[in-house]
1. Yes or no: region 86-104 includes at least one residue that is touching a residue at least 12 places away in the same chain (Cβ under 8 Å), surrounded by fewer than 18 Cβ atoms within 10 Å (Cβ to Cβ) and touching a Phe, Trp or Tyr at 6+ places or on another chain (Cβ under 6 Å).
2. Filter region 56-85 down to the residues that are in contact with a Ser or Thr (Cβ under 8 Å, 6 or more places away or on another chain) and closer than 11 Å to residue 43 by Cα and list them by number.
3. Which residues, counting only those in region 4-49, are assigned to a helix (DSSP H, G or I), in contact with a helix residue (DSSP H, G or I) (Cβ under 7 Å, 6 or more places away or on another chain) and at pLDDT below 75?
4. Quick check on this structure: which one of 115, 120 is more than 11 Å from residue 43 (Cα to Cα), surrounded by 13 or more Cβ atoms within 10 Å (Cβ to Cβ) and of a type in the set (Lys, Arg)?
5. Return yes when residue 66 is open to solvent by less than 40 Å² (accessible area, probe 1.4 Å) and more than 13 Å from the chain's Cα centre (by Cα) and no when it is not.
6. For region 56-76, indicate whether the set of residues that are outside any loop (DSSP other than H, G, I, E, B), closer than 20 Å to residue 20 by Cα and small (Gly, Ala, Ser) is non-empty.
Amino acid sequence: MLRVAFLRLCHTVAAGTMTGVPTVSLSELQSLLASGRARLFDVRSREEAEAVSELESALTMDPAAFRALYSAEKPKLEDKNLVFFCQLGKRGSQATQLAQGLGYTGARHYAGAYKEWLEKAG
């Protein structure tokens, strides 16, 4: 469920681009996580559309409501390196595009997704 997964955040990332969406490699992600310079958003869920829909709702809610629901500070539009990922890459890319469309200029996509992380860093 996204609510639980969404709280697996709090780390940030440098970027390249893949099909127009800023991306980050596994080594960049590991470095940024180790240094505490990233917020990592896990958008894996049982239902892809539901996860991205909940993300949109979360990113547009009032900061106090966000904190009450997710027990975390709502990202600011100007925050750098907001990294979105999912199981295989599609939802993470969609989530990054959604966040960028809402004005989150520091949104990035970890294209390797959880699958790569598990295989290489696991």
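1. yes
2. Result: 83, 84.
3. Of the residues in region 4-49, the ones assigned to a helix (DSSP H, G or I) are 4-6, 26-35, 48-49.
So of that shortlist, the ones also in contact with a helix residue (DSSP H, G or I) (Cβ under 7 Å, 6 or more places away or on another chain) come out as 6, 26, 48.
Selection gives 6, 48.
4. Values: 120 fails: surrounded by 13 or more Cβ atoms within 10 Å (Cβ to Cβ).
It is 115.
5. Details: open to solvent by less than 40 Å² (accessible area, probe 1.4 Å): yes; more than 13 Å from the chain's Cα centre (by Cα): yes.
When the stated conditions are applied, residue 66 passes them.
6. No, region 56-76 contains no residue that is outside any loop (DSSP other than H, G, I, E, B), closer than 20 Å to residue 20 by Cα and small (Gly, Ala, Ser).
The values are calculated or read from the model by the stated rules, or taken from the named source; none is laboratory data. Just so you know, these numbers come straight off a predicted model, no measurement behind them. Cβ: placed from backbone, ideal geometry, glycine included. Neighbour counts: every protein chain shown. Accessible surface areas use protein heavy atoms only, side chains included; no ligands, DNA or RNA. Shrake-Rupley method; radii C 1.70, N 1.55, O 1.52, S 1.80 Å.
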